[in-house]
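Worksheet: the structure to be examined is printed underneath.
The values are calculated or read from the model by the stated rules, or taken from the named source; none is laboratory data. Note that the structure is a prediction, hence the values are computed from the model and not measured. As a convention, Cβ positions derive from the backbone with ideal geometry for all residues, glycine included, and neighbour counts pool all protein chains shown. Surface accessibility is based on the protein's heavy atoms, side chains included, excluding ligands, DNA and RNA. Shrake-Rupley method; radii C 1.70, N 1.55, O 1.52, S 1.80 Å.
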Amino acid sequence: MAQATADHSEGMAYLETLPRRLVTVYLPLTIILVVLLFPFYWMALTSIKPDDQLIDMETYNPFFVVSPTLKHITKLLFETQYPLWLWNTMLVSVAATVLSLFASVLAAYAIVRIRYRGAAAVGGAIFLAYLVPPSILFIPLATIIQAYGLFDSPLALILVYPTILIPFSTWLLMGYFKTIPYELEECALIDGAGRWQILTRIILPLAVPGLISAGIFSLTLCWNEFIYALTFLSSTPNKTVPVAVVSEFVDGDIYRWGSLMAGALVGSLPLVILYSFFVEHYVSAMTGAVKE
């Protein structure tokens with residue numbers, strides 16, 4: 001124990017002097033924070049700027065605001081259909097995420113825990129399906145959606161999004177399921193438990209961090225998805241936030257930057273809140289998946 005403590009202290013000794021900490025810790029962290037937080041700062045700044053400050057960049061400093069206003073945010077929330085777009089985005093994202101998680105749990109459990117020839121090849125093929133670009137798939141998917149009469153309906157996105165969510169979620173859950181000891185499952189089989197009982201009463205309770213991670217990933221991907229939403233939704237009331245903000249606040253070559261940035265900022269807040277609550281589970285599950 002003492003030896004391990006000494007080795008740890010020795011390994012971290014290079015961080016003890018202030019100049020080294022400035023170069024190896026504080027400077028990289030500062031750069032990362034600036035790169036990550038500047039887009040949010042710019043969105044917030046633009047959303048509260050008066051119109052004259054958005055246009056006149058020579059008189060006013062673009063990185064600061066004088067006489068901030070809530071006009072753009074008020075117009076966004078009360079004079080447009082933004083609340084409806086936000087509801088559409090939330091409905092589609094949650095429904096597609098639940099559907100994808102259900103299918104991914106069954107697929108990952110079957111590949112990892114049920115021993116059969118070719119399981120590894122099936123797992124690799126599922127992950128390779130995730131690498132297929134959506135720009136290649138949206139044309140045949142559009143044909144199918146049109147044939148079933150689902151065009152311009154949120155249901156179209158709910159059924160289409162799992163095609164890009166299930167492969168990655170399955171791969172992530174496969175890695176997490178492999179960290180659960182087989183002995184627990186074998187003991188349950190000896191006691192007479194069936195596969196469904198083992199999955200629902202043993203595997204899933206132990207895999208909650210993995211489920212949270214896959215759920216957050218799926219929800220984020222659905223929330224920000226643009227190509228499928230632009231292709232399958234045409235009427236204004238049915239649009240999701242990413243498509244509606246771009247299409248409704250841009251008139252030809254006229255960009256209403258205040259409303260655009262306010263829409264982007266308000267639309268990103270639910271995901272920021274979600275990540276703040278579940279970031280520990282997300283990181284632990286991703287670590288387990290990468291190890292496998």
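Of the listed requirements (1) modelled with pLDDT under 85; (2) not in a helix (DSSP H, G or I), K49 misses just one: (1).
Among the numbered criteria (1) at pLDDT below 90; (2) closer than 19 Å to W223 by Cα, which one does I73 miss? Of the numbered conditions (1) at pLDDT below 90; (2) closer than 19 Å to W223 by Cα, the odd one out for I73 is (2).
Confirm whether S67 is exposed (fewer than 11 other Cβ atoms within 10 Å of the Cβ), in contact with a helix residue (DSSP H, G or I) (Cβ under 9 Å, 6 or more places away or on another chain), assigned to a helix (DSSP H, G or I) and of a type in the set (G, A, S). Explain how you work it out, then say what you get.
Values: exposed (fewer than 11 other Cβ atoms within 10 Å of the Cβ): yes; in contact with a helix residue (DSSP H, G or I) (Cβ under 9 Å, 6 or more places away or on another chain): yes; assigned to a helix (DSSP H, G or I): no; of a type in the set (G, A, S): yes.
No.
Count of the stretch 232-257 residues, restricted to those that are open to solvent by less than 40 Å² (accessible area, probe 1.4 Å) and either within 20 Å of the chain's Cα centre (by Cα) or modelled with pLDDT of 85 or more (or both), is 10.
Within the set F277, F226, the sole residue that is touching a residue at least 12 places away in the same chain (Cβ under 8 Å) and either assigned by the TED database to the domain that holds I136 or crowded, with 17+ Cβ neighbours inside 10 Å (or both) turns out to be F226.
Within the stretch 56-63, is there a residue that is farther than 20 Å from L159 by Cα, touching a residue at least 24 places away in the same chain (Cβ under 8 Å) and either outside any loop (DSSP other than H, G, I, E, B) or open to solvent by less than 40 Å² (accessible area, probe 1.4 Å) (or both)? It would help to see each step written out before you state the result.
Step one: of the stretch 56-63, the residues farther than 20 Å from L159 by Cα are 56-63.
Among the residues that remain, those that are also touching a residue at least 24 places away in the same chain (Cβ under 8 Å) are: none.
No, the stretch 56-63 has no match at all.
Looking at L173, L204, which is the one that is crowded, with 22+ Cβ neighbours inside 10 Å and either under 28 Å from V92 (Cα atoms) or among the hydroxyl-bearing types (S, T, Y) (or both)? Break it down stepwise before answering.
Working: L204 fails: crowded, with 22+ Cβ neighbours inside 10 Å.
After ruling out the rest, the residue left standing is L173.
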